[in-house]
Amino acid sequence: MHSEVVASRSAESSPRGSNGSNPSVDAVSLAIIEQLQEDGRRPYAAIGKAVGLSEAAVRQRVQKLLDQGVMQIVAVTDPLTVGFRRQAMLGINVEGDVDPVADALTAMPECEYVVLTAGSFDLMVEIVCEDDDHLLDVINKRVRTLPGVRSTESFVYLKLKKQTYMWGTR
């Protein structure tokens, strides 16, 4: 397990200020984010030295970035090491309104990533399961039975070559 800084992507923590506008992220804040992406446990004093601010100023900026939903500091696990041996991406086509299906998928703990797309699928969903039986149960009994789901296509992960959370600063 390691700590990562993740730029916010979820609807619940969208990076919007109280007036509905996107918060401004200046070059110094981006440099702080980059420092935390390299090591989410890096001390504020070390970050301050790297970006030219005091420890207190870094602490304030980090808190503001967290409060605005610009980033999250989270522990990222390797699913294989914590008992989840099967991952898959699921392409889903929906009849009618996509939002209710997306909302239902978002509520499922196995669905780690739910995105509305343009293209061959209406939704792409990353699913993390304990094993093939668990994956089959999720797809067959829970996803395909949702009202509005017309079809699904599964892309089972054989090997993960790269997973990074460095987007947003480089």
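The values are calculated or read from the model by the stated rules, or taken from the named source; none is laboratory data. Remember, predicted model here, so these are calculated numbers, not experimental data. A quick note on method: Cβ atoms are made from the backbone with ideal geometry, for glycine too, and the neighbour counts reach across all protein chains shown. Surface areas here come from the heavy atoms of the whole protein model, side chains and all, with no ligands, DNA or RNA. Shrake-Rupley method; radii C 1.70, N 1.55, O 1.52, S 1.80 Å.
Of all residues in the range 136-161, those that are touching a residue at least 24 places away in the same chain (Cβ under 8 Å), farther than 12 Å from Met108 by Cβ and not β-branched (Val, Ile, Thr) total 9. Among the residues of the range 26-42, the ones that are among the acidic types (Asp, Glu) and in contact (Cβ under 8 Å) with a residue 12 or more places away in the chain come to 2 in all.
So which helices (runs of 4 or more DSSP H) stay within the range 23-112 end to end and still have 1 or more residues that are under 30 Å from Ser151 (Cβ atoms), open to solvent by 60 Å² or more (accessible area, probe 1.4 Å) and among the hydroxyl-bearing types (Ser, Thr, Tyr)?
Helices (runs of 4 or more DSSP H) meeting the threshold: 99-106.
Within the range 131-164, being in contact with a Lys or Arg (Cβ under 9 Å, 6 or more places away or on another chain) and assigned to a loop (DSSP other than H, G, I, E, B) holds for Asp131, Tyr157. Across the range 113-160, the number of residues qualifying as under 19 Å from the mean Cα position of the chain (by Cα), over 12 Å from Ala88 (Cβ atoms), buried (at least 16 other Cβ atoms within 10 Å of the Cβ) and of a type outside the set (D, E, K, R) comes to 2. Whenever a residue of the range 96-119 is closer than 18 Å to Leu135 by Cβ and free of Cβ contacts under 8 Å to residues at least 60 places away in the same chain, its partners that are of a type in the set (D, E, K, R) and surrounded by 13 or more Cβ atoms within 10 Å (Cβ to Cβ), lying with C-beta atoms within less than 6 angstrom and at least six residues away or across chains, give the pairs Glu112/Glu126; Tyr113/Glu126. Condition first: modelled with pLDDT under 95 and in contact with a Lys or Arg (Cβ under 7 Å, 6 or more places away or on another chain). Can you find one or more residues in the range 115-130 that meet it? Looking for residues that are modelled with pLDDT under 95 and in contact with a Lys or Arg (Cβ under 7 Å, 6 or more places away or on another chain), one finds at least one in the range 115-130, hence yes.
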